[in-house]
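Single-structure report; data block below.
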Amino acid sequence: QVTLYPSDIEAHNNLAGVYYSENNPKRFDNSMREFKIILQIDPERYAYYQEIGHLYEQMTQYDSSIYYYTKYTEAVPDDIQGYYNLSQSYQKLGRTSEAVSALQNGMVLGNQELWMEIQLLWLKKYRDKETSSDAMINELNNMLAVSTDYDDSLRIYFNLRWIYEGSGQLQAAVDYLNIITNLTEVKYGLYRAIDNLVSYYVEFFIQAGLKETYKKHLTYIENNVVSPNDNIIPFIYSNYYLYTENFDMLAAT
């Protein structure tokens, strides 16, 4: 198609997707070539700056990803995702101050989203080593006080849990995990709320001395899971046996 119709942008885009899915060491280069051709055909297809930047990021060529993410933010200054991607590449290079600046620019020029405020909070903690956990907790509680959105509030609770867990305050972390579970159950049902815990939090439950609570949740999921999701149950049990150091059952599972 691109041979017969070299200006067919959709064909170039589809070809890039196929290259990306290949088991080929040059798949990123091949995809990138198609995206760059699209920009030659239509320089105002700014979204492809993001696509190229993402490929460079996956190749760990962060200077190049920064170049293309910057071009995107210059072309589409009100899209906060571009600033977030730019910030991530700066972080990978350890350029924390520039990562902070990228997010701050996104919050000024784009819409000020709460998830960006939280990301900025963490970046400043890494940049300013003296930032305490208590200071971050206060900031997050201030955000929570004015939050009127379910997903925003849930995101804040998750971050509070991480901070308390990271500072060794496991009981407080457990309390916030229970809040997260209850909120999720109200909106999405018990299965969805517990499935999230079982899939991602086995180590936390063990460290917090809640092994039996975790096992109860795991049994509930096992009894209520619907095919094909039941295929992952042995893997989750393997994690459970690993962290409880039941190596015989781990080997059997």
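Give the residue, chosen from Leu55, Leu86, that is in a helix (DSSP H, G or I), modelled with pLDDT of 95 or more and over 24 Å from Ala11 (Cα atoms).
After applying the criteria, what remains is Leu86.
Given (1) at pLDDT 90 or above; (2) assigned to a helix (DSSP H, G or I); (3) not hydroxyl-bearing (Ser, Thr, Tyr), identify the lone condition not met by Pro77.
Every condition holds for Pro77 apart from (2).
Among Asn239, Asn231, which is the only one that is surrounded by 15 or more Cβ atoms within 10 Å (Cβ to Cβ) and either farther than 20 Å from Leu144 by Cβ or not polar (S, T, N, Q) (or both)?
Details: Asn231 fails: surrounded by 15 or more Cβ atoms within 10 Å (Cβ to Cβ).
Checking each option against the conditions leaves just Asn239.
Name the one entry in Glu245, Glu203, Glu212 that is over 22 Å from Asp151 (Cβ atoms), of a type in the set (D, E, K, R) and within 22 Å of the chain's Cα centre (by Cα). I'd like the intermediate steps shown before the answer.
On the way: Glu245 fails: within 22 Å of the chain's Cα centre (by Cα); Glu212 fails: within 22 Å of the chain's Cα centre (by Cα).
Exactly one residue qualifies, and that residue is Glu203.
Out of the residues in the stretch 89-111 that are surrounded by fewer than 16 Cβ atoms within 10 Å (Cβ to Cβ) and in a loop (DSSP other than H, G, I, E, B), which is modelled with the highest pLDDT?
So, considering only residues that are surrounded by fewer than 16 Cβ atoms within 10 Å (Cβ to Cβ) and in a loop (DSSP other than H, G, I, E, B), the one modelled with the highest pLDDT is Leu93.
Scan the stretch 140-155 and tell me whether some residue there is farther than 21 Å from Ile118 by Cβ and buried (at least 17 other Cβ atoms within 10 Å of the Cβ).
no
Kindly provide the set of residues from the stretch 38-48 that are aliphatic (A, V, I, L, M) and open to solvent by less than 50 Å² (accessible area, probe 1.4 Å), ordered by number. So that I can check it myself, show each step before the final result.
In the first step, residues of the stretch 38-48 are kept if they are aliphatic (A, V, I, L, M); the result is 38-39, 41, 47.
Passing the criteria: Ile38, Leu39.
Exactly one of these conditions fails for Thr244: (1) open to solvent by 30 Å² or more (accessible area, probe 1.4 Å); (2) farther than 21 Å from Gly166 by Cα; (3) in contact (Cβ under 8 Å) with a residue 12 or more places away in the chain. Give me its number.
The one condition Thr244 does not meet is (2).
Does the stretch 126-135 contain any residue that is out of contact with any helix residue (DSSP H, G or I) (no Cβ under 7 Å at 6 or more places or on another chain) and of a type in the set (Lys, Arg)? Outline the logic, then answer.
Of the residues in the stretch 126-135, the ones out of contact with any helix residue (DSSP H, G or I) (no Cβ under 7 Å at 6 or more places or on another chain) are 128-130, 132, 134-135.
Next cut, of a type in the set (Lys, Arg) only: 129.
Checking the stretch 126-135: at least one residue is out of contact with any helix residue (DSSP H, G or I) (no Cβ under 7 Å at 6 or more places or on another chain) and of a type in the set (Lys, Arg).
Return the total of residues in the stretch 17-32 being closer than 13 Å to Tyr56 by Cα and exposed (fewer than 15 other Cβ atoms within 10 Å of the Cβ).
Selection size over the stretch 17-32: 2.
Being within 21 Å of the chain's Cα centre (by Cα) and among the β-branched types (Val, Ile, Thr) is the filter here, so list the residues in the stretch 90-136 that pass it.
Hits for the stretch 90-136 are Thr96, Val100, Ile118.
Which ones in the stretch 58-81 are acidic (Asp, Glu) and either without any contact (Cβ under 8 Å) to a residue 12 or more places away in the chain or closer than 23 Å to His12 by Cβ (or both)?
Of all residues in the stretch 58-81, those acidic (Asp, Glu) come to 63, 74, 78-79.
Matches in the stretch 58-81: Glu74, Asp79.
The values are calculated or read from the model by the stated rules, or taken from the named source; none is laboratory data. Predicted, not measured: the structure shown is a model, and the values here were computed from it. All Cβ positions, glycine included, derive from the backbone under ideal geometry; neighbour counts span all protein chains shown. These area figures cover heavy atoms from the full protein model, side chains too; ligands, DNA and RNA do not enter into them. Shrake-Rupley method; radii C 1.70, N 1.55, O 1.52, S 1.80 Å.
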